[in-house]
């Protein structure tokens, strides 16, 4: 099959909801593909679904315009920073930093990262009046165009265009700014994904209603109060806190947000060591574990969990008290499994139900006495000793500022940066080993720093995607940052360059801490190798070498991409293109331009930005292959290249191009026809149904 695509000027967010409607309610669309709402409503009414004429929600001037922005095509391309990306530390990295307007970037990411992001954290403008937020929009609509696009009257169209073109910071402007970004962001989340948004008193009420509309009120998971040491409202009630709103993509897919306590993990790790040393002998493991616990300095390291010193075949536990502490407990008979007599009962009855007891007994979680004279106890497992993500967090933000200042050799390059410790605190509960974390208001890059630190601490392999617009640093507001970027980094004084440098410096610092850990394990291996009679020496050294391998493989690099403008005169109607009409001069495209087009297209086609395409040599013609797609981007494709392509499809087991995509400007019409006809008629040995696509 052959077809023609105008992808470059039509990169939009995939609308999976509309696909569902077309699949299940195809009769509610007219012949032009327009959805007929009234027919849909009637169809549902027939199934006895009631529609309410009243509803609760948020409305503002510009809401319909915000929806338009969410579905409007991107006006940019994606380009790779090849110089940075080819550095050894970045070449294979899966971390990403993108320079550009985050609305444009989100549209580019929508296909490649659809339902792939586990966690989103953003710290958007708070719209306080002093934080510099103003609505800026480079889209140029006339009043009539806007009326037609979103179906509003002339007066409302004028009012919307007023605030979109006059740098407004009203509540309506702020909501119009944030809505399309959050709307697209939701589509990127996994089924069990979650978003956290920092905000303060000024817009928290509006944000809560906006999130209810986009994510659903039922998916609200909580609101964290983050107390800082800064009073942001010195004239009235002292405001020393911010909020972090949290919403799940689908609350029904969320597990409990809990992790083992740090002290609990210490005992658990020791238990795992002893399992190997003691050949899984529970009694011997228990004896050794208790000796080890007693040796800990004053018990401080294990306070609160040191009583977890009992071991059976299922692990470490503590026999909890099953007696109720006051009258009114549960009363029932429990039969001892050995004597078959009724066990002794607590004075005030049991603190748990009989059903709970039977469930514990079935799992082997009841500790019986030698006979019926002892009250049976339910075992509390060490792996159930967890901490939950709480709704309150305290950290003095002066310490956060000092940490970033230290990283930049004493220069304050960013004000009010987010706490790395706070971000790690969130991430560890929700982002597992290989999850992707997205921050599209990256600021100074705290999220990337937090991801790197957390991975180095727990051995995770989380990845980050950061987006930051190249906003100019105002020398009047932060002269130190301006001078640092301009003179020290020899770069344009922008927040993006602060973020980039922060990631480089944070990676270096994290690498230093990793090297210390590697050296400690090397020393431990050398020490053990010098002891001839050490039991299980081989197993211990093997474990340490495995830990060293993980530490050395930590991804501390990142690749950079940026949005660039679509070339002048590129917007054309391909149907008008013929031998006499040349609306775009492709000769002005450089090799870098072609690579930019390829990066944009592969992302549109669902490939991750960090996925490298394989170069395919077709007897002198270079093509690009990935995810079963072959891209023919270069000029001078000949019949010999076509013959070689067909032969390779038959002979190369790993080469299975389902669509073959050709850059139409670089092919003569006769070669496009030749390609299309031969691919269509050629009966390849693999029976691949090959689509041939001419793309502009």
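For segment 80-98, state whether one or more residues are under 26 Å from residue 174 (Cα atoms) and touching a strand residue (DSSP E or B) at 6+ places or on another chain (Cβ under 6 Å).
Narrowing segment 80-98 to residues under 26 Å from residue 174 (Cα atoms): 97-98.
Going one step further and asking which of them are touching a strand residue (DSSP E or B) at 6+ places or on another chain (Cβ under 6 Å), we end up with 97-98.
Checked against the condition, which is being under 26 Å from residue 174 (Cα atoms) and touching a strand residue (DSSP E or B) at 6+ places or on another chain (Cβ under 6 Å), segment 80-98 yields at least one hit.
Consider residue 136 carefully, then state whether it is exposed (fewer than 15 other Cβ atoms within 10 Å of the Cβ) and touching a strand residue (DSSP E or B) at 6+ places or on another chain (Cβ under 9 Å).
For residue 136, the condition - exposed (fewer than 15 other Cβ atoms within 10 Å of the Cβ) and touching a strand residue (DSSP E or B) at 6+ places or on another chain (Cβ under 9 Å) - is not met.
Scanning segment 420-461 for residues that are touching a residue at least 60 places away in the same chain (Cβ under 8 Å) and part of a loop (DSSP other than H, G, I, E, B) yields 431, 432, 435, 440, 441, 442, 443, 445, 459, 461. The residues listed here are 492, 483; of these, the one that is closer than 21 Å to residue 132 by Cβ and outside any helix (DSSP H, G or I) is 492. The set of residues in segment 105-133 that are more than 18 Å from residue 468 (Cβ to Cβ) and more than 26 Å from the chain's Cα centre (by Cα) comprises 128, 129, 130.
The set of residues in segment 494-509 that are over 14 Å from residue 84 (Cα atoms) and touching a strand residue (DSSP E or B) at 6+ places or on another chain (Cβ under 7 Å) comprises 494, 495, 496, 499. Going by the structure shown, is residue 173 modelled with pLDDT under 95 and either within 20 Å of residue 101 (Cβ to Cβ) or over 30 Å from the mean Cα position of the chain (by Cα) (or both)? The answer is yes for residue 173.
The single residue among 433, 395 that is touching a helix residue (DSSP H, G or I) at 6+ places or on another chain (Cβ under 7 Å) and surrounded by fewer than 18 Cβ atoms within 10 Å (Cβ to Cβ) turns out to be 395.
Residue 319 meets each of the listed conditions (1) within 39 Å of the chain's Cα centre (by Cα); (2) within 26 Å of residue 281 (Cβ to Cβ) apart from (1). The set of residues from segment 255-272 being part of a helix (DSSP H, G or I) and in contact (Cβ under 8 Å) with a residue 12 or more places away in the chain comprises 263, 264, 266, 267, 268, 270, 271. Scanning segment 650-664 for residues that are touching a strand residue (DSSP E or B) at 6+ places or on another chain (Cβ under 9 Å) and surrounded by 13 or more Cβ atoms within 10 Å (Cβ to Cβ), we see that the one that is farthest from residue 570 (Cα to Cα) is 655. Residue check: residue 526 meets all listed conditions (1) at pLDDT 95 or above; (2) over 20 Å from residue 118 (Cβ atoms) but one, namely (1).
Which of the strands (runs of 3 or more DSSP E) found entirely inside segment 564-660 contain at least 2 residues meeting this: over 28 Å from residue 116 (Cα atoms) and at pLDDT 95 or above? Full working, then the answer.
On the way: elements: 614-618, 621-626, 629-632.
Once the strands (runs of 3 or more DSSP E) in segment 564-660 are filtered for at least 2 residues that are over 28 Å from residue 116 (Cα atoms) and at pLDDT 95 or above, what remains is 614-618, 621-626.
Evaluate the following for residue 519: is it in a helix (DSSP H, G or I), over 30 Å from residue 118 (Cβ atoms), more than 27 Å from the chain's Cα centre (by Cα) and free of Cβ contacts under 8 Å to residues at least 12 places away in the same chain? Taking the combined requirement at face value, the residue satisfies it.
Of the numbered criteria (1) buried (at least 20 other Cβ atoms within 10 Å of the Cβ); (2) at pLDDT below 95; (3) within 24 Å of residue 110 (Cα to Cα), the one residue 427 fails is (2).
Evaluated against (1) in contact with a strand residue (DSSP E or B) (Cβ under 7 Å, 6 or more places away or on another chain); (2) more than 30 Å from residue 391 (Cα to Cα), residue 307 falls short on exactly one condition, (2). Filtering segment 335-379 to residues that are surrounded by fewer than 17 Cβ atoms within 10 Å (Cβ to Cβ) and in a strand (DSSP E or B) leaves 335, 342. For segment 445-487, the set of residues classified as crowded, with 24+ Cβ neighbours inside 10 Å and at positive phi consists of 445 only.
Look at residue 248 and say whether it is surrounded by fewer than 15 Cβ atoms within 10 Å (Cβ to Cβ) and at pLDDT 85 or above. So that I can check it myself, show each step before the final result.
Values: surrounded by fewer than 15 Cβ atoms within 10 Å (Cβ to Cβ): no; at pLDDT 85 or above: yes.
No, not satisfied.
Residue 366 meets each of the listed conditions (1) in contact (Cβ under 8 Å) with a residue 24 or more places away in the chain; (2) under 30 Å from residue 260 (Cα atoms); (3) touching a helix residue (DSSP H, G or I) at 6+ places or on another chain (Cβ under 8 Å) apart from (1).
Number of residues in segment 527-546 that are loosely packed, with under 15 Cβ neighbours inside 10 Å and more than 17 Å from residue 279 (Cβ to Cβ) equals 8.
The values are calculated or read from the model by the stated rules, or taken from the named source; none is laboratory data. The structure displayed is predicted, hence computed values, not measured ones. Glycine gets a Cβ as well: all are built from the backbone with ideal geometry, and neighbour counts include every protein chain shown.
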